[in-house]
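Following: one structure in structure tokens, then a few remarks.
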Amino acid sequence: MNEIIMDYAGKDIKRFFNLDNSVYREGAIPPKYKEMLGLVASTVLKCDDCIEYHMVRCKEEGVTDEEMVETLGIALIVGGSITIPHLRSAFELWDKMNEED
């Protein structure tokens, strides 16, 4: 879908997407942990598309099952019980990705 956006995007949209990509690059905080942070924020904000994106990126960055449990535990504490449906979906996706490994 991002390709479609970029087909129409003006300078401002392209700048925002570039900024989004750059904050997840290697830096003082490794990309693995940045993706975990993004997952927490996305869960708290209840954005299913964002949760899925960060779950996939976490898998690609080598997040372990134990790290994922702790990450989603933080999301639950910060976001409260309203995030539980999103945690269900996240763990379902994590199981699916684990089966594919």
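For region 2-100, what is the number of Lys pairs with C-alpha distance below 21 angstrom, counting only pairs 8 or more positions apart or on separate chains?
On the way: Lys32/Lys46; Lys32/Lys59; Lys32/Lys96; Lys34/Lys46; Lys34/Lys59; Lys46/Lys59; Lys46/Lys96; Lys59/Lys96.
Within region 2-100, the lysine pair count is 8.
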## Note on the structure
Label model pair Ser89, Lys11: point-to-point distance (7 angstrom along the Cα→beta-carbon line) in nm is 3.6 nm
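Per DSSP H run of n ≥ 4, the term is -39500 (n - 2.57); total these for the chain, divide by its residue number, and report the mean residue ellipticity at 222 nm rounded to 500 deg cm²/dmol. Don't skip to the answer; put the middle values down first.
On the way: 6 runs with 79 residues, N = 101.
Computed mean residue ellipticity for the chain: -25000 deg cm²/dmol.
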### Message
Which residue, Tyr8, Thr83, Cys47, has the largest displacement toward the positive end of the dipole of region 2-100 when charges sit on each Cβ (Lys, Arg +1; Asp, Glu -1)?
### Response
Tyr8
### Query
About its Cα centre, how strong a charge dipole does the chain have in debye, to the nearest 20, once Lys and Arg get +1 and Asp and Glu get -1 at the Cβ?
580 debye
### Task
Could you work out how far helix 48-60 tilts from the main Cα principal axis of the chain, as a 0 to 90 degree angle to the nearest 10?
80 degrees
### Under the Debye formula (equal points on every Cα, no solvent term), log10 I(q)/I(0) of the chain at q = 0.13 Å⁻¹
-0.50
### Task
Starting from the Cα of Glu60, step 7 Å toward the Cβ, then list every residue of region 1-16 with an amide N under 14 Å from that point.
1-3
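Region 18-101: which trypsin sites (Lys or Arg not before Pro) are DSSP loop and have at most 12 other beta-carbon atoms within 10 angstrom?
Details: sites: Arg25, Lys32, Lys34, Lys46, Arg57, Lys59, Arg88, Lys96; in loops: Arg25, Lys46.
Answer by residue number: Arg25.
A short reminder: the numbers here are calculations on the coordinates, not readings from a lab. Owing to the predicted nature of the structure, the values given are computational and were not obtained by experimental measurement. A quick note on method: Cβ atoms are made from the backbone with ideal geometry, for glycine too, and the neighbour counts reach across all protein chains shown.
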